[in-house]
Amino acid sequence: MVRPISTLGKYLMLMGRVFARPERIRMYFKQYINEMVQLGINSIGIVLLISFFIGAVICIQIKLNIESPWMPRFVVGYTTREILLLEFSSSIMCLILAGKVGSNIASEIGTMRVTQQIDALEIMGINSASYLILPKILGLMTIIPLLVIFSIFAGIIGAFCTAWFAGIMNATDLEYGLQYCFIEWYIWCSFIKSLFFAFIIASVSAYFGYTVEGGSIAVGKASTDSVVSSSVLILFSDLILTQLLMG
């Protein structure tokens, strides 16, 4: 029990330094824009690709497994929409990004630590924790709702492509199911959850990278630990947020 509590304490102390008042806002804003591009915009491709095929697979699986004379034909579209909105485009997509973005953050900051670049920033009088970590957290939290929107649309397009080209069902029935009993709050739930997940990914990964001790092997271990810890925390917070937002 001592080690988890000690890790939590160090994490909270680091976050206290991260959210200290920046010395030069203009310098932070430039870094913030760069992090949005590096962590968010560069991840759009993998988000679109995975969401497209997952939307297609969900549509096929539901059509094959719940097909029944007693089941309305629009249920396939309705169920596909609910899965994309409630879980996949927010929770599962952030788990995937935890592997891509989280490992990138941990290895980048960890490399700066072992090559003594962070020590050089400290000697220059710069709050290295705030300068390196705060733009990453804000950048990822800013861009993550956009990735959620792209994920939802790509999944729906994948479902439509399956209906059109594979011919497993009528596209009109799929469209009706996608619109049936639509609840706008589900979109906001996805955004809210994704903001919490983005903070977890950026802050936890940055913590493991910032506290690296050793050489290149330690950087690799920190990258692995950041992905595992972020994934566990995302799943745990998903349980709590789902209960709070929809319970």
More than 24 angstrom apart: percent of Cα pairs within segment 19-129
50
When Lys and Arg each count +1 and Asp and Glu each count -1, what net charge do the other residues less than 15 Å away from residue 243, Cβ to Cβ, add up to?
-1
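Could you work out [θ]222 nm for the chain from helices alone, using -39500 (n - 2.57) per DSSP H run of at least four and dividing by all its residues? Round to the nearest 500 deg cm²/dmol. Before the final figure, lay out each step's value.
Numbers: 11 runs with 183 residues, N = 247.
After summing the helix terms and dividing by the residues of the chain, the value is -24500 deg cm²/dmol.
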Taking the alpha-carbon distance from residue 30 and a cut-off under 22 Å, which lysines remain once sequence neighbours fewer than 8 residues away in the same chain are dropped?
136
What number comes out for the charge environment of residue 141, summing +1 per Lys or Arg and -1 per Asp or Glu over other residues with Cβ under 13 Å away?
+1
Hey, rough spin-label estimate for residue 188 and residue 8, points 7 angstrom out along Cα→Cβ, what's it come to in nanometres?
3.1
At a threshold of 8 angstrom on Cα-Cα distance, excluding pairs fewer than six apart, so keeping six or more, what relative contact order does the chain reach in percent?
35
How large is the accessible surface per residue of the chain, computed with a 1.4 Å probe and reported in Å² as a whole number?
52
With a Förster radius of 51 Å, plug the Cβ-Cβ distance of residue 173 and residue 228 into 1/(1 + (r/R0)^6) and report the FRET value to the nearest 0.05.
0.75
Summing +1 per Lys or Arg and -1 per Asp or Glu among the other residues with Cβ less than 12 Å from residue 232's Cβ gives -2
A correct Karplus calculation of ³J(HN,Hα) over segment 42-54, with 6.51 cos²θ - 1.76 cosθ + 1.60, θ = phi - 60°, whole Hz and x for Gly and Pro, returns 6, 9, 4, x, 5, 5, 5, 5, 5, 5, 4, 6, 5
The list (1) 1.07; (2) 1.10; (3) 0.94 gives values of Rg/Rh (Cα atoms, Kirkwood Rh), and only one came from this structure; which label was calculated from it?
(1)
Relative contact order %, segment 1-143, counting alpha carbon pairs below 8 Å whose residues are six or more apart:
53
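The values are calculated or read from the model by the stated rules, or taken from the named source; none is laboratory data. Here the structure is a predicted model, which means the values were calculated and not measured. Using ideal geometry, Cβ is built from the backbone for each residue, glycine included, and neighbour counts are taken over all protein chains shown. To get the accessible areas, we keep the full protein, side chains included, count just its heavy atoms, and leave off ligands, DNA and RNA. Shrake-Rupley method; radii C 1.70, N 1.55, O 1.52, S 1.80 Å.
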